[in-house]
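Beneath this line is the structure, given in structure tokens, with notes to follow.
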Amino acid sequence: MGHAVQALRFLNLELDNQFQELRRNLVQWSKEDIFSLALADTYLGRSARAAANTRLADRIRDRDIARIMLANATGDIIAASDPGIIGVISIADRGFFQRSLTGETVVESLSKGRYVEYPITIISTMVAPKEMDKPGVLYLVLDTSRFAQRLLDELRVGQSGGAVVLDPQTGIIITPSWATPGQFNPGPHLAALDAIANTGEVLRYRTGAAGMETERMAVAGRNAHTGWLLVVEADAHEILAPAAWLATINGLISLCILVLAAFSLAALNQALGGLRASEARYRSLIETSPLGIATFDGHGRATYLNERAKRILGLETAASLPEDWRLELEDESGTLLPPETLPMARALAEAAPMHGWTAWHRRPDGQRRVLSLNAAPLMVSGQGSDVVAVMEDVTDLYNARQVLQHSKKELETLVEQRTLELTEANRRLLELDELKSAFLSTVSHDLRTPLTSVLGFAKLIHREFAKRFAPQATDPRLAKSATTILANLDIIVQEGERLTRLITDLLDFSRLDSGYYHWKDGPVDLAALARDAARALAAAFGENKGVRLRLDIPEQLPPMQLDPDRIMQVLINLLSNALKFTAQGEVLLFVREIHDTGQTVVQLGVTDTGAGIAAGEIGRIFDRFYQVGQAGGSMETNKPLGAGLGLAICKQIVEHYHGRIRVQSEPGRGSTFVVELPREHSQALPA
Ligand code: ADP
């Protein structure tokens with residue numbers, strides 16, 4: 001009886017294996033994106049449903065599965081291995097459907113289907129939805145008899161024995177296809193068999209037509225997956241008779257082989273399951289990759305495109321994959337690229353990865369996109385026959401770079417243009433400057449020559465007239481007229497001299513300003529120079545009775561490397577201004593050497609007790625052509641008029657020697673102008 005028990009175990013195990021595999025497969029299939037997508041009530045969902053039909057039809061091939069279907073949340077069939085039933089049947093009221101909607105994987109056996117007359121087994125599981133959609137149920141229908149019979153056919157015990165399957169719920173009995181009618185008839189003993197199930201006990205019963213009855217012995221077991229009762233039975237005499245031993249041993253041996261095979265099959269199944277799981281893992285990784293991934297066979301036919309690749313190539317809704325890897329790839333000018341130059345072909349030809357390719361692709365919707373492409377041969381046992389390509393849509397990046405390059409070029413052109421304009425403007429300015437200097441010196445020279453004559457003759461006439469004619473005018477009227485003539489001649493001389501000064505100032509300033517002035521530096525004792533300046537103006541001070549010139553000058557100072565004429569000009573300017581703007585009091589000229597923060601500075605100062613300068617004007621008096629109130633003096637006060645250039649010239653000279661000039665003044669209380677010349681910047685000479 002032992003081998004009957006073994007046969008039972010094997011049957012049970014095999015049944016479990018088969019169911020487990022079916023279950024596992026179904027659960028795995030339910031995770032495929034295509035089924036989730038098919039649940040969406042969108043255009044994309046519709047194309048996914050079409051693809052799901054083909055996939056489901058593929059899945060039932062070579063298996064005992066009669067049908068496999070996908071139902072939506074309301075129980076309507078939306079995809080099926082047999083598309084004829086789509087929309088025709090509803091499973092809304094079915095228990096397995098309701099349970100699977102909550103996430104359970106269900107196995108259910110029925111004596112007959114609702115739409116078929118034979119017993120069926122249903123395995124169902126949930127399909128998780130994408131985003132906002134509702135879940136669905138994927139379920140398969142198994143032709144129970146065919147499925148069980150295939151197992152039973154392989155099992156014999158001796159001559160008369162074998163196995164049968166009983167469904168206690170439906171009363172269905174499935175016998176091997178090789179069984180003769182009436183050979184197995186455990187039906188009447190269902191309850192008794194049920195009672196000994198999984199106990200290892202043996203049930204004996206009589207069966208067969210009256211008079212031809214035989215005694216049968218049976219062991220029973222219950223299959224956990226299906227709830228089916230598996231019964232192995234054989235004639236009692238065959239099991240018990242010694243002659244049957246050989247056959248029994250034979251049976252046992254084949255049973256052992258079967259059990260071994262079953263175990264190997266189970267192990268293989270498990271390995272396959274693992275492989276499938278890992279394939280599913282990689283597939284979902286690749287599916288969700290943000291890069292487009294595609295595979296091509298050796299003939300350039302696309303064998304796989306992930307979602308991103310389809311989107312990049314504009315093939316989301318295409319029914320089939322592109323025929324070859326040109327994929328309408330072009331160069332930037334729009335010329336189609338020869339297939340053999342593409343990275344995919346080159347990766348295959350050179351058996352090496354190809355990186356950093358850029359190509360242009362015209363999508364079916366007419367859009368032209370820029371793609372970055374990399375390709376590598378798919379190595380299987382050292383040989384590459386397929387190729388994998390990774391693509392990225394870099395259009396936006398490319399466009400941004402183009403705009404940037406364009407702007408850069410525009411900017412460069414603009415800068416170039418502006419530089420040219422500036423260079424031209426500068427050249428013209430220099431030209432103008434030269435012209436101005438030439439003009440000034442020519443004009444000043446040309447003005448000065450006749451002016452010298454005018455002045456000379458005016459003075460001559462004045463002298464001659466005063467000496468020879470005025471004394472002759474004894475008549476009081478003539479004498480008065482002679483005095484007026486002399487006064488007028490004085491005015492001509494004065495104004496002529498002023499004009500000469502103005503022209504000289506103008507000439508000096510333009511020379512200094514243009515940098516063309518030739519500095520004649522030499523050793524200068526500033527104390528001595530200051531005394532010379534005072535001497536030069538002594539006459540002018542002498543004429544003005546109300547103003548006294550006082551000096552505060554050291555005996556001698558170490559010489560400094562300076563242009564004496566220019567420093568003299570500064571001192572004369574300052575002293576003349578002081579005299580010009582002082583009606584009463586004194587003008588002090590001082591020279592000092594001071595040591596300040598490690599620096600030796602010579603100060604030349606002129607202090608007066610004159611009109612002073614308003615605070616608002618102080619900042620501007622050193623500007624060229626600036627005169628306070630636009631009047632440097634007046635005819636009435638008999639002060640010579642200036643050109644507003646004197647202080648500007650002083651400032652230029654002082655700054656040439658890295659010195660500075662400043663003023664302290666208060667209206668009505670006089671002014672102090674101080675020039676500071678640092679020794680460091682003029683080469684000190686031995687005293
Ligand atoms: P200008 O040659 O016309 O005198 P400056 O450049 O020498 O021109 O002086 C500019 C102005 O500064 C003068 O018009 C005058 O108003 C004022 N200024 C210069 N020195 C004195 C001073 N010592 N007292 C008062 N005002 C002065």
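The table for this structure:
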item	result
Residue in the stretch 588-605 that is near the ligand (Cβ under 10 Å from one of its atoms) and under 28 Å from Leu502 (Cβ atoms) present	no
Exclusive hit being within 26 Å of Gly171 (Cα to Cα), in contact with a strand residue (DSSP E or B) (Cβ under 9 Å, 6 or more places away or on another chain) and not charged (D, E, K, R), set Gly136, Gly103, Gly113	Gly113
Among the residues listed as Thr474, Thr500, the single one being assigned to a helix (DSSP H, G or I) and of a type in the set (Val, Ile, Thr)	Thr500
Residue ranges of helices (runs of 4 or more DSSP H) in the stretch 210-327 with at least 2 members modelled with pLDDT of 85 or more, out of contact with any helix residue (DSSP H, G or I) (no Cβ under 6 Å at 6 or more places or on another chain) and under 30 Å from Trp360 (Cβ atoms)	307-313
Ile485 being in a helix (DSSP H, G or I) and either more than 16 Å from the ligand (Cβ to nearest atom) or modelled with pLDDT of 85 or more (or both)	yes
Criterion (modelled with pLDDT of 85 or more and under 44 Å from the mean Cα position of the chain (by Cα)) met by exactly one of Asn53, Asn25	Asn53
Pairs, first under 18 Å from Arg501 (Cα atoms) in the stretch 645-659, second of a type in the set (Asp, Glu) and within 11 Å of the ligand (Cβ to nearest atom), C-beta under 6 Å, six or more apart	Leu645/Asp505
Unmet criterion (only one of (1) in a helix (DSSP H, G or I); (2) under 60 Å from the mean Cα position of the chain (by Cα); (3) of a type outside the set (A, V, I, L, M)) for Tyr516	(1)
From the options Thr452, Thr413, Thr442, residue that is under 28 Å from Tyr517 (Cβ atoms) and surrounded by fewer than 11 Cβ atoms within 10 Å (Cβ to Cβ)	Thr442
Output for the stretch 85-127, where each listed residue is part of a strand (DSSP E or B) and surrounded by fewer than 16 Cβ atoms within 10 Å (Cβ to Cβ)	Ser90
Residue satisfying condition, being of a type outside the set (Phe, Trp, Tyr), over 60 Å from the mean Cα position of the chain (by Cα) and modelled with pLDDT under 80, within set Ile196, Ile172	Ile172
Single match in Ala191, Ala163, Ala197 (criterion: without any contact (Cβ under 8 Å) to a residue 12 or more places away in the chain and not assigned by TED's automatic domain parsing to the domain that holds Tyr118)	Ala191
Residue tally, condition within 23 Å of Glu586 (Cβ to Cβ) and at pLDDT 90 or above, over the stretch 543-566	9
Among the candidates Phe541, Phe509, residue that is in the same structural domain as Val587 (by TED's automatic domain parsing), of a type outside the set (Lys, Arg) and surrounded by 16 or more Cβ atoms within 10 Å (Cβ to Cβ)	Phe541
From Arg501, Arg477, Arg463, residue being surrounded by 15 or more Cβ atoms within 10 Å (Cβ to Cβ) and among the basic types (Lys, Arg)	Arg501
Every residue from the stretch 540-564 that is acidic (Asp, Glu) and not in a loop (DSSP other than H, G, I, E, B)	Glu543, Asp552
Subset of the stretch 163-199 [touching a helix residue (DSSP H, G or I) at 6+ places or on another chain (Cβ under 8 Å) and among the polar types (S, T, N, Q)]	Thr175, Ser177
Helices (runs of 4 or more DSSP H) wholly inside the stretch 1-84 that include at least 3 residues being surrounded by fewer than 18 Cβ atoms within 10 Å (Cβ to Cβ)	2-30, 43-60
Where Gln627 falls short, out of the listed (1) at pLDDT 90 or above; (2) surrounded by 16 or more Cβ atoms within 10 Å (Cβ to Cβ)	(1)
Single unsatisfied condition, Leu647 versus (1) at pLDDT below 80; (2) touching a Phe, Trp or Tyr at 6+ places or on another chain (Cβ under 6 Å)	(1)
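Conditions tested, residue by residue: (1) within 16 Å of the ligand (Cβ to nearest atom); (2) in a strand (DSSP E or B); (3) over 22 Å from Tyr657 (Cα atoms); (4) among the acidic types (Asp, Glu).
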residue: Arg531; (1), (2), (3), (4): no, no, no, no
residue: Ala538; (1), (2), (3), (4): no, no, yes, no
residue: Arg566; (1), (2), (3), (4): yes, no, no, no
residue: Gln569; (1), (2), (3), (4): yes, no, no, no
residue: Leu575; (1), (2), (3), (4): yes, no, no, no
residue: Thr582; (1), (2), (3), (4): yes, no, yes, no
residue: Glu586; (1), (2), (3), (4): yes, yes, yes, yes
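The values are calculated or read from the model by the stated rules, or taken from the named source; none is laboratory data. Fair warning: this is a prediction, and the values are worked out from it, not measured in the lab. Every residue, glycine as well, gets a Cβ built from its backbone with ideal geometry; the counts of neighbours run over all protein chains shown.
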